[in-house]
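To keep things clear, I will list the structure first and then write my remarks on it.
The values are calculated or read from the model by the stated rules, or taken from the named source; none is laboratory data. Keep in mind it's a predicted model, so treat the numbers as computed, not measured. All Cβ positions, even for glycine, are placed from backbone atoms using ideal geometry, and neighbour counts span all protein chains on display. Quick note on the areas: whole protein, heavy atoms, side chains included, nothing else; ligands and nucleic acids left out. Shrake-Rupley method; radii C 1.70, N 1.55, O 1.52, S 1.80 Å.
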Amino acid sequence: MIKVCIFDLDGTLADTVESLAYCGNRALEAMGLSAFPTDRFRYFAGDGSAELVRRCLRENGDLQCEGFDELSRLYGTYFAKDCMYHVKPFPGIVELLEWLKGHNIKISVFSNKPHEQAIDVVESLFGKGYFDYIQGQQEGIPRKPAPDGAIKIAEYFQVSCDECLYIGDTNTDMQTGNAAGMDTVGVLWGFRDRVELEENHAKRIVNSPSEISVILEQENLRSACDVRRR
């Protein structure tokens, strides 16, 4: 039975690509480097801000990332101020979250954003205390795809990992959920495509948030029937 849903943030709960592009391009331009179309940041994102900075530099021809420290500093400055630039929940997300709450399924976030920024974004979009637990990147917890943060969330709720549904939009998310021993759902409204999710062993792939409630109904009904047969 699924008791906890763990959501990735960028590209899963929230459409953040414009904020990433806005901050990233301002930082690049401040260093005299080329900016990129907003859509390109769908592929720069997903593995934390440090990796986003490295990808931007490599695409600008700095293969050794010699400009990492300066671009990272600039990006962090802009992002601290404008991390909510045009950020909004994806259509259907709020309805799914309300459905989960109504069915007593705990909801949590696991993000590669720095921890405080992850909290700020989630609480700005959904309200303080709306999610039962928020885990961003912080010292002592390796960033995804390491499963440590996902496992920590399961421990917080005192459930086993196979009672958690891990929901995300990238290869990193599928690797994280699978490594933690959780059921994984890949979503197609985010940053990456079906091929990437399939190649990284998403157990299920959905086109809309409403499909997740159907999955949960079916899974928890099956689990309830199994218990009654024992």
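Annotations
- Compactness ratio for the stretch 85-152: Cα radius of gyration over 2.2 N^0.38 Å (N = residue count) comes to 1.16.
- Per residue, the accessible area of the stretch 1-145 comes to 45 Å² when a 1.4 Å probe rolls over the protein heavy atoms.
- Taking label points 7 Å from Cα along the Cα-to-Cβ direction, residue 203 and residue 81 give a separation of 4.5 nm.
- Think of it as helices only: each DSSP H run of n ≥ 4 in the chain is worth -39500 (n - 2.57), and spread over all residues that comes to -14500 deg cm²/dmol at 222 nm.
- Percent carbon-and-sulfur accessible area, the stretch 8-58, ignoring ligands, DNA and RNA, probe 1.4 Å: 43
- Zone residues, the stretch 77-109, relative to residue 123, backbone N less than 17 Å from point 7 Å out along Cα-to-Cβ: 80-84, 108-109
- The label point for residue 221 and the one for residue 66, both projected 7 Å from the Cα toward the Cβ, are 6.3 nm apart.
- Cα shape, the stretch 16-80, gyration tensor, a/c 1.5 rule: rounded
- Sequence-ordered 3J(HN,Hα) estimates for the stretch 74-87 from the Karplus curve with 6.51, -1.76 and 1.60 and θ = phi - 60° stand at 5, 4, x, 5, 5, 5, 4, 8, 10, 5, 9, 4, 6, 7 Hz, glycine and proline given as x.
- Under 5 Å from the amide H of residue 14 lie the amide H atoms of 90, each residue being 5 or more positions distant or on a separate chain, with H modelled from the backbone and absent for Pro and chain starts.
- Antiparallel %, DSSP beta bridges [both residues in the chain], to 5: 15
- With eigenvalues of the C-alpha gyration tensor scaled by 5 and rooted, the stretch 47-137, Å: 32, 12, 12
- Tilt relative to the chain, helix 49-59 - C-alpha long axis, 0 to 90 degrees, to 10: 50
- Spacing of the two label points (7 Å from each Cα toward its C-beta) at residue 1 and residue 29, in nm: 5.4
- Dividing the convex hull volume of the alpha-carbon atoms in the chain by its residue count gives 120 Å³ per residue.
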